[in-house]
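Notes to accompany the following structure.
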Amino acid sequence: MSQQMPSRENLTYTKETSIRSYINPLLIRLVYPLGCYIVLPSYFGKLEVTGQDNIPTTGPVIVAPTHRSRWDALLTPYAVGRLASGRDLRFMVMATEMQGIQGWLIRQLGGFPVNTERPGAGSLVHTIDLLSRGEMVVIFPQGGIVPEIEVERLKPGVARLALEVETHKPNSGMKILPVNIQYTDLSLGWKTDVTINIGKPIDVAKYNQGKIKENTRKLTAELKTALQQLQEKTPLSQESKEMIMV
């Protein structure tokens, strides 16, 4: 989401842009235990999560994970979702992933589409509305899968959305939660080990004074630093580094 984002008052629903998301209470009670207790532990080797005490128990939160694999979309709820925090997650998902049966399932579990190249007003308004109601929304700040070891330059959309919420609802407690997901083998073969480090939430309110463009830049920079520091908590082996660089 690198383009200029319109302010909240300039974002209006139309028949074409109206976006909604939904959590199917019956399906989510089935999918979460199935994924967390059977699918992920069966496929991966060691699954380690640190920092779950950093997950805010209330208030609006953008969960901002690194994005090295499609598995990230399952591992994020495993580490941060209802079985870990008691909170349900909403997901901003690339529109191309919202097709067919997969798209139906994603929508039932709180996902909603966004065009990452040209975000529509509906997706942005819906995200702001969810956060204004105190929800947790997962947004990958890199915008797509980036397998490199170092945390690449982040898109400004996460910071901009968080600042929009804080601007129009001061003292909302808006937070950004950095999450670094690291694999020992990015070919993601069977029994690959995974480490998920959850950082301390970033308080958005401290960036709510002055020019929005500069505040967005500073907040994005803090998030990037936080993600990189979480990466450094679990150094990759030399063999893994060489595999990633090939």
In the range 104-135, anything of a type in the set (Phe, Trp, Tyr) and more than 15 Å from the chain's Cα centre (by Cα) is listed as TRP104
Could you look through the range 49-91, keep only residues that are of a type in the set (Lys, Arg) and over 12 Å from the mean Cα position of the chain (by Cα), and pick out the one that is surrounded by the fewest Cβ atoms within 10 Å (Cβ to Cβ)? ARG70
Search result, residues across the range 194-220 that are touching a Phe, Trp or Tyr at 6+ places or on another chain (Cβ under 7 Å) and outside any strand (DSSP E or B): ASN215, LYS218, LEU219
Considering only the range 37-47, I want to know if a residue exists there that is farther than 29 Å from GLU148 by Cβ and at pLDDT 95 or above. yes
Count of residues meeting criterion [surrounded by 12 or more Cβ atoms within 10 Å (Cβ to Cβ) and out of contact with any Asp or Glu (no Cβ under 8 Å at 6 or more places or on another chain)] in the range 24-46: 12
Under 7 Å by Cβ, and 6 or more places apart or on different chains, what pairs join a residue from the range 186-201 that is on the phi < 0 side of the Ramachandran plot with one that is in a strand (DSSP E or B) and of a type in the set (Phe, Trp, Tyr)? THR192/TYR183; VAL194/TYR183
Give the range 23-54 a look and list any residue that's in a loop (DSSP other than H, G, I, E, B) and in contact with a Phe, Trp or Tyr (Cβ under 9 Å, 6 or more places away or on another chain), or say none. PHE44, GLY45
So, in the range 55-93, how many residues would count as being of a type in the set (Asp, Glu) and assigned to a helix (DSSP H, G or I)? 1
Among residues of the range 205-221, those that are more than 16 Å from the chain's Cα centre (by Cα), at pLDDT 90 or above and not aromatic (Phe, Trp, Tyr), counted: 11
For the range 92-111, which positions are surrounded by fewer than 22 Cβ atoms within 10 Å (Cβ to Cβ) and closer than 19 Å to GLY144 by Cβ? MET94, ALA95, THR96, GLU97, MET98, GLN99, GLN102, GLY103, ILE106
Tally, over the range 122-168, of residues that are touching a helix residue (DSSP H, G or I) at 6+ places or on another chain (Cβ under 8 Å), of a type in the set (Gly, Ala, Ser) and in a helix (DSSP H, G or I): 3
Flag for VAL138 being closer than 21 Å to ARG217 by Cα, more than 13 Å from the chain's Cα centre (by Cα) and touching a residue at least 24 places away in the same chain (Cβ under 8 Å): no
Any residue in the range 172-182 that is in a loop (DSSP other than H, G, I, E, B) and more than 21 Å from VAL61 (Cβ to Cβ)? no
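The values are calculated or read from the model by the stated rules, or taken from the named source; none is laboratory data. All figures in this text were calculated on a predicted structure; none of them were measured in a lab. Here Cβ is always computed from backbone atoms with ideal geometry, including for glycine, and neighbour counts include all displayed protein chains.
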